[in-house]
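These notes are about the structure you will find just below.
What follows is calculated from the coordinates using simple rules that are stated; it is not laboratory data. If you're wondering where the values come from, they're calculated on a predicted model, not measured in any experiment. Cβ: placed from backbone, ideal geometry, glycine included. Neighbour counts: every protein chain shown.
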């Protein structure tokens, strides 16, 4: 419906195997359940909200949340490269030990120094240097002390 209104919309889809009583079938489902990304000007907000099926925008700090074009492109690339994609919310806290799960720093381990809504600042003690990297929350996983190879004392 948004496309009919000439509004650029994107709903990332992923393949999911569903079991029926007589068969299994691979179907496409939205990666982000109940979310559609729109590229729109503030003039188009009201028109979007009036479209059938649209409940509201996702808000951040009182304004509709803005997703960077590069993040949308990353989602598109990831879906193109991987047949089945799932989402997991990364619960991260200060001082957690983490492992980076994708991107140029993949498999590096570090400690969370700072957090904001989209990224965490991580201390990466590899190669004997102190490297700070701002890493997207979606590219890390928390590891416990039993999974780490070495533990840093602070």
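Can you give me the convex hull volume of the Cα atoms of the range 51-95, divided per residue and expressed in Å³? Before the final figure, lay out the partial values.
On the way: hull volume 8.2 nm³, N = 45.
Looking at the range 51-95, the number lands at 181 Å³ per residue.
What value does the range 8-81 have for Rg/Rh, both radii from Cα atoms and Rh as Kirkwood defines it?
1.07
Using Cβ contacts closer than 10 Å as the measure, can you line up 18, 118, 23 from fewest to most?
Numbers: 18 10, 118 13, 23 7.
Sorted ascending by nearby Cβ count, the order is 23, 18, 118.
What's the exposure ranking of 49, 121, 99, 24, going from fewest to most Cβ atoms within 10 Å? Kindly include the intermediate steps, with their values, before the conclusion.
Values: 49 11, 121 15, 99 18, 24 8.
If I rank by nearby Cβ atoms, fewest first, I get 24, 49, 121, 99.
Given the Cα-Cα distance of residue 28 and residue 58 and 0.36 nm per residue of separation, how much length would full extension add, in nm? Mind showing how you got there, number by number?
Details: separation 30, 0.36 × 30 = 10.80 nm, distance 2.34 nm.
Here the segment from residue 28 to residue 58 would lengthen by 8.5 nm.
Going 7 Å from the Cα of residue 5 in the Cα-to-Cβ direction, what parts of the range 43-62 have a backbone nitrogen less than 16 Å from that spot?
Label zone hits: 43-58.
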